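J.: Dropping a structure here in structure tokens format, bear with me for questions.
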Amino acid sequence: MLLSFNTKLSKRFKSQSQRIRVLTESWVNNQVFCPACGCDIKHYENNKPVADFYCLNCKEEYELKSKRDSIGNKVVDGAYRTMIERLQSSCNPNFFLLSYNLRSLKVSDFFVIPKHFFVPDIIEKRNPLSASARRAGWIGCNIDLRSIPQSGKIFFVKDSRIQTKNNVLKSWVKTLFLKNEKEPLAKGWILDVMSCIDKLGKYKFSLTEIYFFEGFLRKKYPQNKHIKDKIRQQLQFLRNKGYLKFLGRGKYEIT
Ligand SMILES: [Zn+2]
């Protein structure tokens, strides 16, 4: 995998945004493999509203978002309503996120967020466009990356360091169990507990440590009167799916 853009391609474009689009798209087309199966991916010839790339083998689809310098916490996406509808119909693509250095014209970070990490919770409604705007009243959305657990960000390139293909493919398989969880509330709970585990910042942890997040989860789910039970239920689920290992005496380990 090379990190440099092929700058020859962008010479005929005048606007910076067009140039970057051509450079980033061709980079993905030539350097990136499908994280679901390891085969080649291809750019859609005609602009499709829902995705930019597809896998020649397993047909997974990917939408590409690029940002200068760093990805940050939020990524601007299209219309809010369309996004929510897409999540509900489960025809949403996976997301490729790319950050680049404008001076060196090299990729600094590139990761994929599998579509099964997308729940309405992470889609933030933006303010409607003002009355003077060309599309007055139109409502866009942001994807809030902070609510996505670490395991939902699978890096190909991190801080300009290329990760092994084997690691990318293994990380993809690890959370595939989320695909079968169709009910948004149930999935929301699993993802929240996965994020709480991330926040502890270690591979081994105890039930007592996870209970630190009881207050945070109570705020998020005020209807639920049994937060601790709910936490234990998610840990059990994650253990059954092989995401966690139970070490005994209230201790867990991320596999
Ligand atoms: Zn594939």
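The values are calculated or read from the model by the stated rules, or taken from the named source; none is laboratory data. It should be emphasised that the depicted structure is a prediction, and the values quoted were computed from it without experimental measurement. Every residue, glycine among them, receives a Cβ derived from its backbone with ideal geometry; neighbour counts consider all protein chains shown.
J.: Here's a check for you: in the stretch 58-70, which residue that is under 15 Å from residue 116 (Cβ atoms) and charged (D, E, K, R) is nearest to the ligand (Cβ to nearest atom)?
T.: At the first step, the residues of the stretch 58-70 found to be under 15 Å from residue 116 (Cβ atoms) are 58, 60-63.
With charged (D, E, K, R) added as a condition, the list becomes 60-61, 63.
Working: 60: 5, 61: 10, 63: 15 Å.
Across the stretch 58-70, the extreme among qualifying residues is 60.
J.: Condition first: assigned to a helix (DSSP H, G or I) and surrounded by 16 or more Cβ atoms within 10 Å (Cβ to Cβ). Now tell me which residues in the stretch 58-81 satisfy that. Let's see the steps before the verdict.
T.: Of the stretch 58-81, the ones assigned to a helix (DSSP H, G or I) are 80-81.
Matches in the stretch 58-81: 80 only.
J.: Based on what the data block shows, is residue 44 surrounded by 18 or more Cβ atoms within 10 Å (Cβ to Cβ) and farther than 21 Å from residue 161 by Cα? It would help to see each step written out before you state the result.
T.: Working: surrounded by 18 or more Cβ atoms within 10 Å (Cβ to Cβ): no; farther than 21 Å from residue 161 by Cα: yes.
Criteria not met by residue 44.
J.: Step by step: first the residues of the stretch 22-37, then only those that are β-branched (Val, Ile, Thr) and not in a loop (DSSP other than H, G, I, E, B), then the one that is nearest to the chain's Cα centre (by Cα). Which residue is that?
T.: 28
J.: Taking the condition outside any helix (DSSP H, G or I) and either in contact (Cβ under 8 Å) with a residue 40 or more places away in the chain or surrounded by 12 or more Cβ atoms within 10 Å (Cβ to Cβ) (or both), does residue 230 pass?
T.: Details: outside any helix (DSSP H, G or I): no; either in contact (Cβ under 8 Å) with a residue 40 or more places away in the chain or surrounded by 12 or more Cβ atoms within 10 Å (Cβ to Cβ) (or both): yes.
No; evaluated as a whole, the condition is false for this residue.
J.: OK, next. When the stretch 201-215 is examined, which residues are found to be at pLDDT 95 or above and either surrounded by fewer than 16 Cβ atoms within 10 Å (Cβ to Cβ) or part of a helix (DSSP H, G or I) (or both)? Talk me through it step by step, then tell me what you get.
T.: Of the stretch 201-215, the ones at pLDDT 95 or above are 204-215.
Passing the criteria: 204, 206, 207, 208, 209, 210, 211, 212, 213, 214, 215.
J.: May I ask you to verify whether residue 127 is touching a Lys or Arg at 6+ places or on another chain (Cβ under 8 Å) and of a type outside the set (A, V, I, L, M, F, W, C)?
T.: Values: touching a Lys or Arg at 6+ places or on another chain (Cβ under 8 Å): no; of a type outside the set (A, V, I, L, M, F, W, C): yes.
So residue 127 does not fit the description; no.
J.: Go through the stretch 106-179 and tell me which strands (runs of 3 or more DSSP E), entirely inside it, have 3 or more residues that are closer than 25 Å to residue 89 by Cβ.
T.: Numbers: elements: 106-113, 123-125, 140-144, 154-158.
It comes to 106-113, 123-125, 140-144.
J.: Here is a further query. Out of all the residues in the stretch 38-57, which are part of a loop (DSSP other than H, G, I, E, B) and either within 16 Å of the ligand (Cβ to nearest atom) or hydrophobic (A, V, I, L, M, F, W, C) (or both)? So that I can check it myself, show each step before the final result.
T.: Taking the stretch 38-57 first, the residues part of a loop (DSSP other than H, G, I, E, B) are 38-39, 44-52, 56-57.
Matches in the stretch 38-57: 38, 39, 44, 50, 51, 52, 56, 57.
Table: residues versus (1) without any contact (Cβ under 8 Å) to a residue 40 or more places away in the chain; (2) under 19 Å from residue 80 (Cα atoms); (3) out of contact with any Gly (no Cβ under 9 Å at 6 or more places or on another chain).
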{"site": "103", "(1), (2), (3)": "yes, no, yes"}
{"site": "108", "(1), (2), (3)": "no, no, yes"}
{"site": "122", "(1), (2), (3)": "yes, yes, yes"}
{"site": "134", "(1), (2), (3)": "yes, yes, yes"}
{"site": "146", "(1), (2), (3)": "no, yes, yes"}
{"site": "185", "(1), (2), (3)": "yes, no, yes"}
{"site": "213", "(1), (2), (3)": "yes, no, yes"}
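J.: Does any residue of the stretch 85-95 turn out to be under 28 Å from residue 119 (Cβ atoms), assigned to a loop (DSSP other than H, G, I, E, B) and of a type in the set (S, T, N, Q)? Quick ask: steps written out before the conclusion?
T.: In the first step, residues of the stretch 85-95 are kept if they are under 28 Å from residue 119 (Cβ atoms); the result is 85-95.
Still in the running and assigned to a loop (DSSP other than H, G, I, E, B): 90-93.
Retained after the next criterion (residues that are of a type in the set (S, T, N, Q)): 90, 92.
Yes: the stretch 85-95 contains one or more residues that are under 28 Å from residue 119 (Cβ atoms), assigned to a loop (DSSP other than H, G, I, E, B) and of a type in the set (S, T, N, Q).
J.: Something else: Which residues, counting only those in the stretch 1-37, are among the charged types (D, E, K, R) and within 23 Å of residue 51 (Cβ to Cβ)?
T.: Here is the first cut: in the stretch 1-37, the ones among the charged types (D, E, K, R) are 8, 11-12, 14, 19, 21, 25.
Across the stretch 1-37, the qualifying residues are 19, 21, 25.
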